[in-house]
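Okay, so here's the structure we're looking at.
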There are 2 protein chains.
Amino acid sequence: MTTTATVDRTAVRLDYDELAGFTAEVFTRRGLAPDRAEIAARALVHGDLTGVTSHGLANLTRLYLPLFDDKRADPAADLEIVADRGAALLVDAHDALGLWSARAAMDLALERAGTHGVGMVSLFNGTHFGCAGHFTAHAAEQGALGFLAGNCGGQRIIRPPGAAEALLGTNPFSIAAPAGPYPPYVLDMSTTVVPTGRVRAAARAGRSVPEGWLVDDAGRPVTDPTAFDRGEAHLQWLGGRPETGSYKGYALSLMVEALAALLPGAEMGPTSTKGRDDNIGFFVLAIAPGRLRDQGTFLQQSEELFGALLDAPALDPDSPVRYPGWPEAQHARAAREHGVPLAAPLFAELEAVAAQHSLTVPTPLGGTR
Amino acid sequence: MTTTATVDRTAVRLDYDELAGFTAEVFTRRGLAPDRAEIAARALVHGDLTGVTSHGLANLTRLYLPLFDDKRADPAADLEIVADRGAALLVDAHDALGLWSARAAMDLALERAGTHGVGMVSLFNGTHFGCAGHFTAHAAEQGALGFLAGNCGGQRIIRPPGAAEALLGTNPFSIAAPAGPYPPYVLDMSTTVVPTGRVRAAARAGRSVPEGWLVDDAGRPVTDPTAFDRGEAHLQWLGGRPETGSYKGYALSLMVEALAALLPGAEMGPTSTKGRDDNIGFFVLAIAPGRLRDQGTFLQQSEELFGALLDAPALDPDSPVRYPGWPEAQHARAAREHGVPLAAPLFAELEAVAAQHSLTVPTPLGGTR
């Protein structure tokens, strides 16, 4: 999982709804319709809300506002259904902001799953969607299973095993399922050991990274995260060494490339001539269990499955057994109650964004600054 | 990938069609209809054909014949469609042999994808299907994308991170896509560092296993594979240590548990009271690109994607860059031409099976014994 639950001691805390409202205002100023800006804002703040800070508001000035500045995202674009087979759709997103279009695509898939049992949206001309798990958790909250994968367009960051050149992106994907009364199960992962955002977050924080994340040209471990953006270190595939499964991380990255980009005809890393993250492809799948069997029984069995994991005997009684999605949900619950923690430098960035857009950042909640 | 390409020097080589024919005869004697026996035999021999010997004929006496002996597989069972929403089906496999039923389920999914763009079969009361990649490659050969996941019924082999008790199976899944004129891309993986079959194959061969596959109760590396079946060593999740992504292997295992078993209501490891591999659930998905866009363009782009990987500059010119499915296809090509290699002890097992069923094992091809 991409969780980075460590909270900077110099953090401020902001009310979640105020922070999301502010972020929506920024997107509205950039041309998104208010309802879409609200959806996009909650998708972006999801990272900070759940502790996945590598995919949260830190990317507002680094990724999303530059997409508008460079006209690489079109705030007014609608989704165009290019082919419609009932259960399966091909969609041209026309460079709409991924933070919104991924949710719109998941809603389309859910609607079709409600009729056909399964709904699939294959999308091209997408842009970055942030935390994939935000959109699949939305499906789980409706009692469905949701799957979302996105490639990185033509961006080339990772080398295939044995290759002297980077050809693929980190290619994230996510699946979520209801867990009865518990928080949904949410897998949200890059196909590398960690996503690039965690390497860069460590670089910003001046921290070294564990052995196993990066290697140099000769395959020796690198623990200085700044070496990555200098091109002196390469991100490793999930699985690490060949004998412990690096081929599986590579294979999963190709799964995302095939489902998300080859299927709809989006830009692909290995064949891209531009080498950047435009024309990203999404693969969105929703499954409605209640169209195949009794929904109540399904939800009861969901509760039993994930409850059995929570009840499993722990090696260390102070570290109970959990499942993916649980730690993020706990972080979100605390952040909704006590405010969303933002590192002081990130808060300063938001103040600058506010000034630039004639807006005001919400006032931090008392006592933690 | 589950490839174990090492060929025992004491191996014999058998003609592929003769070996598949013999295996089909064995299944016919156990009550399968001849056309189903042929399908099941090719699914099983696929392991030996492609070099994935951990999932090949070695499992005939260890897994499949005992399923018949113990009446845990019903050779005469048909697939029963319990719910039919056009694109999505719920199927009761009534303990039919998984080596056949996985293919029948994939054919059903392909048929529905041909109409709806996507076809999904959610199946319960399944039994072991062997190499998942055999069935997804079949979809790729038809120009489709195929996905197959199977849980392990109630079998509990692997501990969730932090748990003192095993609750989940190795939970394999596979996806395949066409690669134009090249062999299909085929991911076929367990969600652990390696499947149990590779640990047991090392134990049979008297070989130690690399650090990273097994750990003892205290988390120390174990390299003696025999410790696994003595309960003194635990198989590790893909990702290895927590800081290099073991949570992702665990999360992928739960993806399979949710898709393959929770969705259809099959037996699940964490909630099983029986603790064994009965009532396995399958999740089968087929996608027909040609229902969404021009199939010829899709195949052309498939060729470009996988061709670009094959053409990538290699770190070592003697080790060209490949993609999952390629090494297995090369192994299969050689085995079709020169015979399927079988280790001498496995050949002896087949001779015993032949005697037991009043059959004759095909004569090894000359010169290699």
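The values are calculated or read from the model by the stated rules, or taken from the named source; none is laboratory data. Nothing here was measured: the structure is a model prediction, and the numbers come from that model. Using ideal geometry, Cβ is built from the backbone for each residue, glycine included, and neighbour counts are taken over all protein chains shown. When the accessible area is computed, the model is the full protein with side chains, heavy atoms only, and any ligands, DNA or RNA have been set aside. Shrake-Rupley method; radii C 1.70, N 1.55, O 1.52, S 1.80 Å.
Per the listing A:191, A:223, the residue uniquely within 12 Å of another protein chain (Cβ to nearest Cβ) and over 30 Å from residue A:259 (Cα atoms) is A:223. For region B:142-154, the count of residues that are within 11 Å of chain A (Cβ to nearest Cβ), outside any strand (DSSP E or B) and in contact with an Asp or Glu (Cβ under 7 Å, 6 or more places away or on another chain) is at least one.
For region A:9-39, residues that are closer than 19 Å to residue A:344 by Cα and not in a helix (DSSP H, G or I) total 7. Sub-8 Å Cβ pairs linking a first residue in region A:271-290 that is under 24 Å from residue B:91 (Cβ atoms) and outside the structural domain of residue A:112 (by TED's automatic domain parsing) to a second residue that is open to solvent by less than 10 Å² (accessible area, probe 1.4 Å) and of a type in the set (D, E, K, R), at least 6 apart or interchain, number zero.
Listed here are the residues, each with its yes/no results for (1) closer than 30 Å to residue A:243 by Cβ; (2) free of Cβ contacts under 8 Å to residues at least 40 places away in the same chain; (3) aliphatic (A, V, I, L, M); (4) crowded, with 22+ Cβ neighbours inside 10 Å.
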residue	(1), (2), (3), (4)
A:123	no, no, yes, yes
A:127	no, no, no, yes
A:136	no, no, no, yes
A:143	no, no, no, no
A:149	yes, no, yes, yes
A:156	yes, no, no, no
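Would it be correct to say that residue A:282 is within 14 Å of another protein chain (Cβ to nearest Cβ) and either closer than 21 Å to residue A:188 by Cα or open to solvent by less than 10 Å² (accessible area, probe 1.4 Å) (or both)? Taking the combined requirement at face value, the residue satisfies it.
Scanning region B:316-360 for residues that are in contact with a strand residue (DSSP E or B) (Cβ under 7 Å, 6 or more places away or on another chain), within 14 Å of chain A (Cβ to nearest Cβ) and either surrounded by fewer than 16 Cβ atoms within 10 Å (Cβ to Cβ) or among the aromatic types (Phe, Trp, Tyr) (or both) turns up B:320, B:323, B:326. If you filter region B:78-90 down to residues that are in contact (Cβ under 8 Å) with a residue 24 or more places away in the chain and in a loop (DSSP other than H, G, I, E, B), you find that the one that is nearest to residue A:144 (Cα to Cα) is B:87. Looking across region A:208-230, just one residue is open to solvent by less than 20 Å² (accessible area, probe 1.4 Å) and not hydrophobic (A, V, I, L, M, F, W, C), and that is A:225. Set side by side, the residues A:115, A:61 differ, and just one is part of a helix (DSSP H, G or I), surrounded by fewer than 24 Cβ atoms within 10 Å (Cβ to Cβ), among the β-branched types (Val, Ile, Thr) and within 14 Å of chain B (Cβ to nearest Cβ), which is A:115. Tell me, please, whether a residue that is surrounded by fewer than 24 Cβ atoms within 10 Å (Cβ to Cβ) and without any contact (Cβ under 8 Å) to a residue 12 or more places away in the chain can be found in region B:164-184. Taking every residue of region B:164-184 in turn, at least one turns out to be surrounded by fewer than 24 Cβ atoms within 10 Å (Cβ to Cβ) and without any contact (Cβ under 8 Å) to a residue 12 or more places away in the chain. Checking each residue in region B:49-71 for being under 21 Å from residue B:125 (Cα atoms) and hydrophobic (A, V, I, L, M, F, W, C) picks out B:60, B:63, B:65, B:67, B:68. Taking the numbered list (1) surrounded by fewer than 24 Cβ atoms within 10 Å (Cβ to Cβ); (2) in contact (Cβ under 8 Å) with a residue 60 or more places away in the chain in turn, residue B:257 passes all entries but (1).
In the set (1) in a helix (DSSP H, G or I); (2) more than 21 Å from residue B:279 (Cα to Cα); (3) within 14 Å of chain A (Cβ to nearest Cβ), residue B:42 fails one condition alone, (3). Evaluation of residue B:299 against the conditions (1) more than 24 Å from residue A:327 (Cβ to Cβ); (2) open to solvent by 10 Å² or more (accessible area, probe 1.4 Å); (3) in contact with an Asp or Glu (Cβ under 8 Å, 6 or more places away or on another chain) shows that the sole unmet condition is (3). Return a yes/no flag: does region B:129-144 have any residue that is modelled with pLDDT of 95 or more and among the charged types (D, E, K, R). Yes; the residues of region B:129-144 include at least one that is modelled with pLDDT of 95 or more and among the charged types (D, E, K, R). Taking the criterion of being closer than 15 Å to residue A:201 by Cα and in contact with a Ser or Thr (Cβ under 8 Å, 6 or more places away or on another chain), the residues of region A:218-241 that qualify are A:223, A:224, A:225, A:228, A:235. Kindly indicate whether residue B:231 is within 27 Å of residue A:304 (Cα to Cα), in a loop (DSSP other than H, G, I, E, B) and out of contact with any His (no Cβ under 6 Å at 6 or more places or on another chain). When the stated conditions are applied, residue B:231 passes them. Please tell me if residue A:267 is open to solvent by 10 Å² or more (accessible area, probe 1.4 Å), part of a loop (DSSP other than H, G, I, E, B), within 11 Å of chain B (Cβ to nearest Cβ) and of a type in the set (D, E, K, R). In short, yes. Here residue B:245 clears all of (1) more than 21 Å from residue B:164 (Cβ to Cβ); (2) facing chain A (nearest Cβ under 7 Å); (3) at pLDDT 95 or above except the condition numbered (3).
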